[in-house]
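Input: a single structure, listed below in structure tokens.
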Amino acid sequence: MRRPPKRPEGRPPKPRDGRAPGAPPARGQRPHGEPGRSPRKADARLPAAAATPRGQAAPPEAGAEPPRPGAGAGSGAFWIYGQHAVLAALANPRRKPRRLLATAEAEATLRERFTGPWRVTPERAERSRFATFLPEDAVHQGIALLAEPLAPVGLDEAIAASDGPVLLLDQVTDPRNVGAVLRAAAAFGAACVVLQDRHAPPETGALARAASGTLDMVPVVREVNLSRAILALQKAGFWVLGLAGEGRRTLAEAMPRDRRVALVLGAEDSGLRRLQREHCDELVRLPMAEGVDSLNVAAAAAVALYEVVRR
């Protein structure tokens, strides 16, 4: 019986395929003992995206859903929906549109009411698709625009561009209330609405819908410190009036005739905070029937603005 030839010590046996121990399998081969299809059959089953040239994005699949807010459209992008809100956004040169979806009926209405220039091409969509990227209760009227938030506006810039009154909202956080205040501000020619940066709603579809297009008509100024904004307005010549139920005089009685007016309104539950009260030139009230303590902040803003502009 012949013995097998001796191998040098410390050298492992060489595989039959000629590869060094531990080396990866050669192209077209799979590791020994590993099940799988042949390379040719596996390549035939690769998805089409694998053939996309390097550096190019794969084309979207047919029928793909629209991106959700902020997806693939830049920082903070969100959906604006409803005819008035979308029309105003398209007409605002400061707004950056990304994608416009509309049903056949909504697109026909849009083309009748909007003369351009078209900065985004409408895409036809079935009504059922809107439920995939909008809130369940969204009243979209068959149209939605994916857009970037508006660039910040400075207080000095806003009051220089208009001679209207200024509204300041002290921690009003409900987007529907802020949207309604914007509608009142647009109706009575306010120069801007000032919000506190950290205690106010961001731009969202719900806010834009509540504003019914006025989010793109009235400048929104965001300030870190509202009391400093009051001081800046006073330095610019404004008479700042804070609305509070305990005001000794009514707004009509306190209205100055020789300077511009800024109105400060607080949230319904807490009203104006201490610092804002102390920095106002005067606290005033709206005359109301006995038994009524306060108004919704948007209703109070509308009544107060009317009182200011009728003078």
Tell me yes or no: at least one residue of the stretch 200-216 is of a type in the set (D, E, K, R) and over 16 Å from the mean Cα position of the chain (by Cα). no
For the stretch 267-310, which residues satisfy the criterion of being under 21 Å from HIS199 (Cβ atoms) and among the acidic types (Asp, Glu)? GLU268, ASP269, GLU278
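This table checks each residue for (1) surrounded by 11 or more Cβ atoms within 10 Å (Cβ to Cβ); (2) assigned to a helix (DSSP H, G or I); (3) free of Cβ contacts under 8 Å to residues at least 12 places away in the same chain.
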site: ARG99; (1), (2), (3): yes, no, no
site: ALA106; (1), (2), (3): yes, yes, no
site: PRO117; (1), (2), (3): no, no, yes
site: PHE130; (1), (2), (3): yes, yes, no
site: GLU136; (1), (2), (3): no, no, yes
site: HIS140; (1), (2), (3): yes, no, no
Failed condition for ILE159, given (1) in contact (Cβ under 8 Å) with a residue 60 or more places away in the chain; (2) more than 20 Å from LEU87 (Cα to Cα); (3) in a loop (DSSP other than H, G, I, E, B): (3)
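Would you point out which residue out of ALA200, ALA186 is farther than 24 Å from LEU87 by Cα, of a type in the set (A, V, I, L, M) and in contact with a Ser or Thr (Cβ under 9 Å, 6 or more places away or on another chain)?
Exactly one residue qualifies, and that residue is ALA200.
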Scan the stretch 195-225 for residues that are over 30 Å from PHE133 (Cα atoms) and either out of contact with any strand residue (DSSP E or B) (no Cβ under 7 Å at 6 or more places or on another chain) or crowded, with 24+ Cβ neighbours inside 10 Å (or both) and jot them down. VAL224, ASN225
Would you point out the residue of the stretch 162-178, among those that are among the charged types (D, E, K, R) and in a loop (DSSP other than H, G, I, E, B), that is nearest to the chain's Cα centre (by Cα)? ASP174
Farther than 18 Å from GLY82 by Cα, in contact with a strand residue (DSSP E or B) (Cβ under 7 Å, 6 or more places away or on another chain) and buried (at least 20 other Cβ atoms within 10 Å of the Cβ): does that describe LEU169? yes
I'd like the full set of residues that are part of a loop (DSSP other than H, G, I, E, B) and out of contact with any Lys or Arg (no Cβ under 6 Å at 6 or more places or on another chain), limited to the stretch 143-156. PRO149, ALA151, PRO152, VAL153, GLY154
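Read-outs throughout are calculated quantities, based only on the coordinates presented, and are distinct from any laboratory measurement. Predicted, not measured: the structure shown is a model, and the values here were computed from it. Cβ sites come from the backbone with ideal geometry, for glycine too, and all protein chains shown count toward neighbours.
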